[in-house]
Amino acid sequence: MLSADVVCGKCGSVVYQMRMLKSVKDALRGTNSRCPVCGAALNPADFSVSLNKR
Ligand SMILES: [Zn+2]
């Protein structure tokens, strides 16, 4: 199974786990484009998506 973790670039927390590949914007819509841990606004340049093949 392919999953992707959206990681906050500020605090390194996993903000969202995607079970399948979809738009990062769609994924972030659920968090108001903010990191729920540190409250940083998540811009596409600020966070990373790591792909894990399982
Ligand atoms: Zn954060």
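Read-outs throughout are calculated quantities, based only on the coordinates presented, and are distinct from any laboratory measurement. On a predicted model such as this, the values are computed, not experimentally measured, just so you know. Counting neighbours? That spans all protein chains shown, and the Cβs are built from the backbone with ideal geometry, glycine included.
Taking the number of Cβ atoms within 10 Å of each Cβ as an exposure proxy, the fewest-first ranking of Cys8, Cys35 is Cys8, Cys35. Using a simple spin-label model with pseudo-atoms 7 Å out from Cα toward Cβ, Arg19 and Thr31 lie 1.8 nm apart.
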